[in-house]
Amino acid sequence: MTQLSTRLGIFGLLASSAIVVCLAAEGVQVSSGAGGWRQHDIHRPKPPVVEPASELIAAKPPRDAVVLFDGKNLDAWKSADGGPAKWKVGDGYFEVVPGKGTLETKGKFGDIQLHVEWAAPNPPRGVGQDRGNSGIFLMGQFEIQVLDSYQADTYADGQAGAIYGEFPPLFNASRPPGQWQSYDIAFRRARFDAAGKLLEPARVTVFLNGILVQNNEEPFGPTSWLKWLPYTDVGDRGPITLQDHRHPVRFRNIWLRELPERPAPTTEQLARPNVITLPDTVLDRYTGQYLLNGDSGGAKATITREKNHLVVTFPFRPQPLVMEPISETVFDMPFTDGRFTFRKDEQVRVTGVLFRIGDGERDMKKVASQTEKTK
Ligand code: MG
């Protein structure tokens with residue numbers, strides 16, 4: 001049980017609801033898998049067959065794409081052993097030369113959008129995993145299976161469109177051997193802290209021939225056959241590798257776009273003025289109705305006092321929104337970047353408020369005080 005506890009602890013780090021640890025009969029190694037399935041379980045239901053659109057329109061690379069194969073040469077690739085790429089380049093495509101080894105990109109990439117087109121050998125040969133097998137490894141770690149799965153059977157988590165050995169595709173959207181098929185993949189790499197502890201697993205979304213087959217799945221470890229491997233911090237980038245499974249699978253039109261990290265706000269950007277406390281008598285001066293537009297018959301915002309703070313209600317947003325004073329005349333909205341700046345006349349009567357949110361400003365004239373409204 002010590003081993004199991006240790007394993008559970010590791011899985012706990014992965015923070016994935018898909019991870020279930022199964023304890024088999026005593027003496028049998030504990031296994032785990034997406035949705036509780038053991039790897040390559042032949043009883044795992046096969047994804048339903050769906051017919052993709054009849055025409056494959058080769059997606060042209062966007063202008064900012066990193067083109068990894070433009071139909072001419074393998075300049076962007078090398079053999080995984082470090083030597084030159086030894087696969088065959090044909091007319092607009094390249095092809096696995098069985099036994100010449102894995103291909104990997106010279107460049108390294110992290111979060112990407114990746115487009116790949118591929119075709120299984122025609123006429124087809126072999127069965128199961130021995131039929132048009134190759135694979136696309138993201139950061140060299142996570143295999144998106146390439147396989148001739150058209151009217152061809154194999155275990156569910158090994159089909160075309162599978163995150164190999166982990167997640168079957170949601171659908172079998174395969175085309176017949178010899179026909180070009182497309183993958184469009186969104187990949188977000190795993191995140192680690194400075195000590196190498198996993199903070200966030202990788203995430204993978206895959207479209208096969210335009211059909212969504214992996215919906216933001218979280219691999220529970222790098223692709224591995226018959227054994228679970230933990231996440232390890234291999235850095236922010238890695239190569240894309242193509243598998244030599246000794247089948248002459250063809251590839252063409254490969255490009256990617258690197259995806260930016262969403263910028264987090266700085267402490268300075270998050271800083272807000274201190275919220276102050278105003279007496280109820282001051283707050284009550286602001287309560288009333290305010291015209292959203294110049295038209296006196298138009299929609300109005302209503303400001304009321306709830307206990308010791310103000311709330312505003314817009315006709316298109318009926319839930320009252322809290323207003324927090326940062327000075328006697330300026331109120332901020334927690335959660336948003338909205339701000340109300342009240343104005344007064346010479347008699348210190350509140351005449352209106354300037355409401356600013358995002359890139360918009362709305363000058364709202366006060367038309368009724370709370371007491372007038374409730375008369
Ligand atoms: Mg493969």
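The values are calculated or read from the model by the stated rules, or taken from the named source; none is laboratory data. This one's a predicted model, so the numbers in the text were calculated from it and none came from an experiment. Backbone-built Cβ (ideal geometry, glycine too); neighbour counts: all protein chains shown. Surface accessibility is based on the protein's heavy atoms, side chains included, excluding ligands, DNA and RNA. Shrake-Rupley method; radii C 1.70, N 1.55, O 1.52, S 1.80 Å.
Site pair Ala59 and Ile276 shows an inter-label distance of 5.5 nm when each label is modelled 7 Å from Cα along Cα→Cβ.
Remark: accessible surface ordering of Ser54, Ser182 (largest first) is Ser54, Ser182, probe radius 1.4 Å.
In segment 1-263, the inverse of the mean reciprocal separation of distinct Cα atoms equals 18.9 Å; this is its Kirkwood hydrodynamic radius. Averaging Cα coordinates gives a centre for segment 60-99 and one for segment 288-312; these two points are 64 Å apart. Assuming charge only on the beta carbon of Lys and Arg (+1) and of Asp and Glu (-1), the dipole of segment 1-263 about its Cα centre is about 340 debye to the nearest 20. Extending 7 Å from Cα along the Cβ direction at Arg38 and again at Lys197 yields two label points whose distance is 3.4 nm. If the segment from Asp295 to Trp180 were pulled out straight at 0.36 nm per residue, it would be longer than the present Cα-Cα gap by 35.3 nm. Near the amide H of Leu310, within less than 5 Å, lie the amide hydrogens of Met323, all on another chain or at least 5 residues away, with H placed in the peptide plane. In order along segment 295-308, the phi-based Karplus estimate (6.51 cos²θ - 1.76 cosθ + 1.60, θ = phi - 60°) of 3J(HN,Hα) comes to 5, 5, x, x, 5, 10, 9, 10, 10, 10, 9, 10, 6, 9 Hz; Gly and Pro are listed as x. Note on Glu261/Arg349: beta-carbon distance plugged into 1/(1 + (r/R0)^6) with R0 of 45 Å gives a FRET efficiency of 0.35. Sorting 95-104, 193-202 by their mean Cβ neighbour count within 10 Å, with the most densely packed peptide first, gives 95-104, 193-202.
Modelled spin labels at Trp225 and Arg305, positioned 7 Å past Cα toward Cβ, are 7.6 nm from each other. Would you work out which of Ile185, Gln159, Pro121 lies farthest towards the positive end of the dipole of segment 121-205? Charges go on Cβ: Lys and Arg +1, Asp and Glu -1. Sorting the options by dipole projection puts first Ile185. Each stretch of four or more DSSP H residues adds -39500 (n - 2.57); spread over every residue of the chain, this sum gives -2000 deg cm²/dmol at 222 nm. Dipole magnitude for segment 260-355: computed about the Cα centre from +1 point charges on Lys and Arg Cβ and -1 point charges on Asp and Glu Cβ, it is near 200 debye. Taking a ≥ b ≥ c as the square roots of the eigenvalues of the Cα gyration tensor, segment 270-368 is rounded, since a/c falls below 1.5.
Beyond 20 Å in Cα-Cα separation lie the following of the pairs Lys78/Lys108; Lys86/Lys106; Lys60/Lys88; Lys106/Lys197: Lys60/Lys88; Lys106/Lys197.
Packing, as the average of other Cβ atoms within 10 Å across residues, places the peptides 36-44, 216-224 in the order 216-224, 36-44, highest first. Full extension of the chain between Lys108 and Arg317 yields a length gain of 70.5 nm, computed as 0.36 nm times the residue separation minus the alpha carbon distance.
For Arg246 and Asp233, the difference between the fully extended length at 0.36 nm per residue and the C-alpha to C-alpha distance is 1.7 nm. So what's the net charge close to Asp337: Lys and Arg +1, Asp and Glu -1, counting the other residues with Cβ under 10 Å from its Cβ? With Lys, Arg at +1 and Asp, Glu at -1, the neighbours total +2.
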